[in-house]
Each structure stands twice: as structure tokens, then as C-alpha cells.
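To start, the structure under review is shown below, and the notes come after it.
The values are calculated or read from the model by the stated rules, or taken from the named source; none is laboratory data. Please read all numbers here as calculations on a predicted model, not as lab measurements. Neighbour counts run over all protein chains shown; Cβ positions are idealised from the backbone, glycine included. Note: areas computed on protein heavy atoms with side chains; ligands, DNA, RNA excluded. Shrake-Rupley method; radii C 1.70, N 1.55, O 1.52, S 1.80 Å.
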Amino acid sequence: MRVLVTGGTGFIGSHTVVELIEAGHQVVIVDNLVNSKRSVLDRVARISGTAPEFHEADIRDETALDRIVGGGGFEAVVHFAGLKAVGESVRRPLDYWEVNVGGSTTLFRVLDRNDVRTVVFSSSATVYGDPDEVPVTEATPIKPATNPYGGTKQVIEQILTDLHASDPRWNVALLRYFNPVGAHASGLIGEDPNDIPNNLMPIVAQVAAGKLPEVNVYGNDYPTRDGSGVRDYIHVVDLAEGHLAALDRLAVDSGRHVWNLGTGNGTTVLEVIAAFSAATGRDIPYRPAARRPGDVAETWADVTKAERELGWRAGRTVDEMCADTWRWQQYALTLDG
Ligand code: NAD
Ligand code: WQD
């Protein structure tokens, strides 16, 4: 297949591009590099043996997209491009609505015009908000979003749902990721935030590396097994493989589908810190801190539907997630330096 990947130089995008190339697909990336580096392309080529075609462009730029998509012969699009920092979305809501929703509608309009109507979209477990029950299934009710980022994911899901209802030639996979972490086993690509990280695993990695002094554990009195928050961490390579499985499924089962992509297991913050310490042999200082506003106590995925319909399973362990994050972190320090 010839596949357009928006946001393909980013964290999840770059890992998915590697898997797509290794499965024999032709990949074309569109990314404006606002949160990724061009050098990812060389590293993807080192891993997969092929450099993907790359266009530095903004998904809000309809003219640029038309030029890339028109006559491109694409069979499918994997749409990662967007802004993703929850806290920043509260401070800069217009940017989030404009880039995530405005960029997506521009992209979909260009796709429609060019007869490309198979879309795999990066949604998020954040659409479930604070779920009444765990594990969360795809039928768990969507709760009002607690921040603009989550709101944009809900709206883009709705837009794709409306498109499919308007014209059944739209073939849509809404992939609700849980907590993607880890890095490629080569250590050559991983999460490379331009700013101070907001998420637990990159923060733990930076504490282990001595770049940050300690981990603040947000909440030690949640009703969980050790009082800290529980999440479903999924290895980014398992997640990438989930995208290939979704593309394969759409090819034989057209329609509008929702799949949770997680492992089905919950891990506490303290367990992540202990696993990272064991994987690296380093002491990781941490201290209890107040609950972070907006956080839920625990959430993890019911992955029965994804496993049954996609024939896919996230098998990599938390220990592997930590070891691979660390290998990448060591390499990334040499890139920075
Ligand atoms: P990322 O920031 O590493 O990747 C996003 C990419 O999109 C970046 O390379 C960035 O430069 C690009 N981009 C941003 N705005 C753009 C624009 N206007 N035009 C073109 N390119 C643009 O993030 P990621 O973690 O790889 O996330 C990928 C997708 O998955 C996002 O849509 C995100 O919301 C979603 N998601 C991420 C997580 C997570 O925890 N990482 C969880 C659930 C969903
Ligand atoms: C994980 C756990 C924190 C940092 C976010 C988005 C979600 C999705 C994934 C995009 C929680 C705790 C964290 C720290 C801590 N992204 N923590 N100290 O909040 O589950 O999900 O990223 O779609 O939308 O909200 O992930 O990694 O920030 O937090 O104790 O310094 O680690 O309280 O329990 P979260 P996270």
C-alpha cells in the first residue's frame, strides 16, 4: 500500500513508519516539525533500510496538502499530526482547536477531493474521561472532556463518524491509545520532546539520567494497591503494530471502527519507578506530591475487541518498556550534546 502518514516524524508516527516500511508499504510523511526533528528520517532509514518520502508541511495548509495528495496514489492515511500536551491545551485552547480540529478538517477535505477515504486516526483514552468502571471497553460512555486537548479528540472522532455516515466510502479506524511509552529496540528513535516532558516515563528517564532531580509522585492516597495512580502503559512498537493490524482489517472490513489499544494491564506510578530502577540499575529519587488536577485514579483498557478483530496483542512488558526507553535516552543525550 501507498500510505500517507501525517505527524510521521513524531514519537508514535516514526515507530509506525518503521513498521510500515518493514511490512513492505510505501510511506510518505507530512510533518511541520513543530515537535520532531528531521534527523528522525535518517534514523528510520538506518533501522528499516529505506528513507521515507518526506514533506515539511502543515496540515492546515490546504494548498500544500493538495499538491502532496493529488495524484499521490494513496490507499490510506494514518493521521497522527497534532498538538498533544494536556496542560498546554488549557493555556492555549485556540491553538489546539485550530491545529487539531482545523488541521483535520482541512486534511479530510483534501482527501475527499482526491478520493482517499481510508483513515486511521490517533484518538486517546482521554475521551473516556474519568470512567465509572475499569477496564474500559469501547462501549464505555464518552464523558465531557476535562481539557481542550481531550475535546479536540472527541470532536475529530465525531467528524470522522459523520463523514462515514454521509458517505460509506469513508473507511475509518478510531484508535484509542492508552499510555504509549518505550522506544524502538535499536535505541535510535523514541520520544524526543522539544520541551520539558509532561508524562511519567520520560520524566522518570530524565531523573535516572540525572537531568531532573526527582520524580514527583502525584497522589499517594488513591484507592489503588499502593496509593499511586494506575495506567495502562503500552510499548510504542506494539502500538505501531496495532496500526498495521487496523489497516489490514479496514481492507477486508470497511466501515467505522473503534479499537482500544492498550495491554489490558494496569501499573502504578511506584511500580513504574521500581521497574525503571531495576532495568537501569540506577537509583531513582522520588517524593510524594499533591494529586495533579484532572488526573483519574486508575484506568486501563479492555482489549478484547482489538484482540479479536485485529488479531493483534500488545505483548511487550513494562520491563521492556523501561529498558528500551533507557537505551533511547542514552542515545538521545548524545544527539543533544
Ligand atoms: P508527537 O508530538 O511526537 O507527534 C506529533 C507530530 O505531529 C509531531 O512530529 C509534530 O511535529 C507534528 N505536527 C504537529 N502539528 C502539526 C501540523 N499543524 N502540521 C503537521 N504536523 C504537525 O506526538 P505523539 O506522541 O507521537 O502523538 C501522535 C498522535 O497520537 C497525536 O495525535 C496525539 O494526540 C495522539 N496520542 C498520543 C498519546 C501519547 O501519550 N503520546 C496518547 C494518545 C493519543
Ligand atoms: C501517568 C501517571 C500521573 C508525571 C496523558 C494524557 C492522555 C494521553 C497520555 C494523549 C499518572 C503520574 C505523572 C509525574 C506522576 N495523551 N505522574 N508524576 O495523565 O495518564 O495521560 O498522556 O492522548 O491524554 O492525559 O499520563 O504520563 O502524564 O501520567 O506521578 O511527574 O503518572 O499522575 O498517574 P496520563 P502521564
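What the table shows:
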quantity	calculated
Length added when fully stretched, R313-S186, from 0.36 nm per residue minus Cα-Cα	43.6 nm
Solvent-accessible area, 1.4 Å probe, carbon plus sulfur percent, for region 254-337	47
Choice from V172, V18, V34 showing the highest fluctuation, given a GNM over the chain with Cα pairs closer than 10 Å	V34
Of the DSSP H helices in the chain, those whose Cα atoms cover at least 24 Å axially and whose Kyte score averages 0.0 or more	236-252
Computed helical MRE - 222 nm, the chain, DSSP H runs ≥ 4 contributing -39500 (n - 2.57), nearest 500	-12000 deg cm²/dmol
Sites R287 and I196 - FRET efficiency at Förster radius 22 Å, r taken between beta-carbons, to 0.05	0.80
Whole-number accessible area per residue in Å² for the chain, which is evaluated in the context of all protein chains at 1.4 Å	42
J(HN,Hα) series, region 301-315, from Karplus relation 6.51 cos²θ - 1.76 cosθ + 1.60, nearest Hz, glycine and proline x	8, 8, 9, 4, 5, 5, 5, 6, 7, 9, x, 10, 8, 8, x
Residue-span extension gain [R67 to K305] - 0.36 nm each, minus C-alpha spacing	81.9 nm
Of all DSSP beta bridges in the chain, antiparallel share, percent nearest 5	5
Lysines whose Cα lies under 16 Å from that of K153, excluding same-chain neighbours fewer than 8 positions away	K84, K143
Accessible area of region 176-222 belonging to carbon and sulfur atoms, whole % at 1.4 Å probe	46
Signed unit charges on C-beta, dipole axis of the chain, positive-most listed residue A297, T161, V5	V5
Cα-Cα pairs of the chain separated by more than 35 Å (percent)	17
Label-to-label distance, nm, for residues given as E56 and E22 (7 Å Cα→Cβ offset)	2.9
Radius, Kirkwood style, for region 127-206 when every pair of distinct Cα atoms is counted (Å)	15.6
Carbon/sulfur fraction of accessible area - region 1-98, other protein chains in place, 1.4 Å, %	49
